[in-house]
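What follows is a set of notes on a single structure, which appears directly below.
The values are calculated or read from the model by the stated rules, or taken from the named source; none is laboratory data. The structure displayed is predicted, hence computed values, not measured ones. All Cβ positions, glycine included, derive from the backbone under ideal geometry; neighbour counts span all protein chains shown.
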Amino acid sequence: MTTFLLVISFLIHALSLFALILLFQRQNSGRNAENKMKQAANETEEMLTAFLMEMKEENEKLIEDLKKAQVLEKPAQTKQREPMPDPVLPPVTPRKAAAQAYKQTTKHSAAGLQEQNTEKSLIDQMVDLQKSGLSKEEIAKKLNVGRTEVELAFKFNKKE
């Protein structure tokens with residue numbers, strides 16, 4: 001009987017030791033992943049900082065070059081003063097033509113508003129179909145639009 005209890009005790013100890021080893025490995029893998037994420041964030045930050053410094057240096061060089069070019073062009077401009085041609089004025093349009101053009105632009109803007117309303121109603125239809133239990137592919141087939149378009153509409157709808 002004692003040997004049986006000793007064997008069971010050793011088995012329980014072995015199982016608990018195995019469980020401790022597994023937990024320790026999981027904890028270390030979590031820490032390693034966290035450290036990798038921090039390292040990647042630091043590397044990205046360093047790269048962006050270096051890129052910004054390079055851009056700043058290039059901008060300063062560009063400003064210096066532009067100033068030098070302006071200084072060199074000023075004496076050349078004073079020597080070569082050519083008379084400027086008179087500006088060409090556009091022909092005067094009658095009031096009726098202007099009013100008609102204005103009416104046409106308002107018609108185009110009204111058509112644009114109708115397009116936006118149909119898009120909104122399309123998104124509403126997509127949401128209604130999703131609430132009724134249809135998948136994204138079924139919604140796309142039913143509304144005659146692409147599956148990617150349906151997915152994008154849902155993503156944008158979530159952000160709003």
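Only one entry in E137, E64, E115 is within 18 Å of A153 (Cα to Cα), modelled with pLDDT of 80 or more and either touching a helix residue (DSSP H, G or I) at 6+ places or on another chain (Cβ under 6 Å) or in a helix (DSSP H, G or I) (or both), namely E137. Reported count of residues in the stretch 140-160, each being surrounded by 11 or more Cβ atoms within 10 Å (Cβ to Cβ) and within 11 Å of I123 (Cβ to Cβ), is 8.
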